[in-house]
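**Q** Pasting a structure below so you can have a look.
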Amino acid sequence: MTTTLPTPEVAATTAKLFVSHRKRRRWELTAVGVLLAALFLIPYVVMVLGSLKSRAEILRIPPTYLPHVWHPDNYSTMWSTPETPLPFNLASTIVISVSATLLVLAVAIPAAYYTARRRFPGRAAFLGVVLVTQMLQPTVLVTGLIREFFALGINDTWLAMILVNAAFNLSFAVWILHSFFASVPVEIEEAAQLDGLSRWQILTRVSLPLVWPGIVTATIFVMVACWNEFAASLVILTTPENQPLSVALTKFIGQYDTAWQYVFAISTVGIVPVVILFAFIEKRLVAGLTAGSVK
């Protein structure tokens, strides 16, 4: 049986068709990506442009896309609103979010490391309970939480919301970090132990650098969840100065009137820190989300 090899002309034509198909495929994927990006970015563009309009222009029919008269003064005026102390609200959001995230990491890292390395009795039940707590929301337990905080004397304080946010985001961080610690070969830690390192030194010097993408992933998700938390803060924090931005935003929405220009401006200010955080750790976040996908 003889095999007929393609002529140079046929091979060249086939190669050109293959290259053309790859280029067309690349352009199609690029077009889909741009379309999806525009779809997700349009609401944010509308929000930013709305923050630079007057209230009358926002409510104008038919609506305008670009402001006829630009009002950057909306951003300066909203900070001096007497009914809503926005500088204190922004400080409250930052303190509660950062403190709750640090508390979650301080508890989740050793807990995830221990569950990944130790086969103790009830380990599966413990991980199951951790997963079940993720199904609950602060609003379901708000009555019990308020009574507990009154008993502890920390009602209507930052500490109360730090504990609430940390408690309801801890399970997610433990599960994320548990999978990362479990993916680290045990032989690496055994070699470090033979070199004389203690268990704590193995965790801090050997394991943590290897699971750094997981720590970044847990940090960003916990931080965003704490930053956007609304329901528990609305009930637990009653002093206007202690409330976060998510609650302060509702003060500009009334039953008969809404200051949309300030709503858009506050929303824009509220997403800026999160966008900056994503921009700084985007590479490590992608590495953490795709870790373990290829063996």
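**Q** Scanning for something outside any helix (DSSP H, G or I), modelled with pLDDT of 90 or more, more than 16 Å from MET47 (Cα to Cα) and not polar (S, T, N, Q), does segment 242-256 turn up at least one residue?
**A** Yes, segment 242-256 contains a residue that is outside any helix (DSSP H, G or I), modelled with pLDDT of 90 or more, more than 16 Å from MET47 (Cα to Cα) and not polar (S, T, N, Q).
**Q** Residues of segment 43-69 being closer than 13 Å to ALA265 by Cα and touching a residue at least 12 places away in the same chain (Cβ under 8 Å), which ones?
**A** If we filter segment 43-69 for residues that are closer than 13 Å to ALA265 by Cα, which is where we start, we get 44-55, 58.
Residues satisfying the conditions are TYR44, MET47, VAL48, LEU49, GLY50, SER51, LEU52, LYS53, SER54, ARG55, ILE58.
**Q** Pull up segment 84-129, narrow it to residues that are outside any helix (DSSP H, G or I) and touching a residue at least 24 places away in the same chain (Cβ under 8 Å), then point me to the one that is least open to solvent (accessible area, probe 1.4 Å).
**A** THR84
**Q** Between residues in segment 205-219 that are part of a helix (DSSP H, G or I) and residues that are at pLDDT below 85 and acidic (Asp, Glu), which pairs lie under 8 Å by C-beta distance while being six or more apart or on different chains?
**A** If the second residue must be at pLDDT below 85 and acidic (Asp, Glu), the pairs left are VAL206/GLU189; SER207/GLU189.
**Q** Pull up segment 70-83, narrow it to residues that are closer than 19 Å to ALA248 by Cα and without any contact (Cβ under 8 Å) to a residue 24 or more places away in the chain, then point me to the one that is surrounded by the fewest Cβ atoms within 10 Å (Cβ to Cβ). First the steps, then the outcome.
**A** Here is the first cut: in segment 70-83, the residues closer than 19 Å to ALA248 by Cα are 74-83.
Of the ones still in play, those that are also without any contact (Cβ under 8 Å) to a residue 24 or more places away in the chain are 76, 79-80, 82.
Values: SER76: 9, TRP79: 15, SER80: 10, PRO82: 5.
My answer is PRO82.
**Q** Would you pick out the residues in segment 152-175 that are open to solvent by less than 60 Å² (accessible area, probe 1.4 Å) and either within 14 Å of ALA112 (Cα to Cα) or within 15 Å of the chain's Cα centre (by Cα) (or both)?
**A** Selection gives ASN165, ALA166, PHE168, ASN169, LEU170, SER171, ALA173, VAL174.
**Q** When you look at ALA182, is it among the aliphatic types (A, V, I, L, M), modelled with pLDDT of 85 or more, open to solvent by less than 40 Å² (accessible area, probe 1.4 Å) and over 30 Å from TRP70 (Cα atoms), yes or no?
**A** No: the conditions fail for ALA182.
The values are calculated or read from the model by the stated rules, or taken from the named source; none is laboratory data. Worth saying up front: this structure is predicted, and the values here are computed from it rather than measured. Every residue, glycine as well, gets a Cβ built from its backbone with ideal geometry; the counts of neighbours run over all protein chains shown. Accessible surface areas use protein heavy atoms only, side chains included; no ligands, DNA or RNA. Shrake-Rupley method; radii C 1.70, N 1.55, O 1.52, S 1.80 Å.
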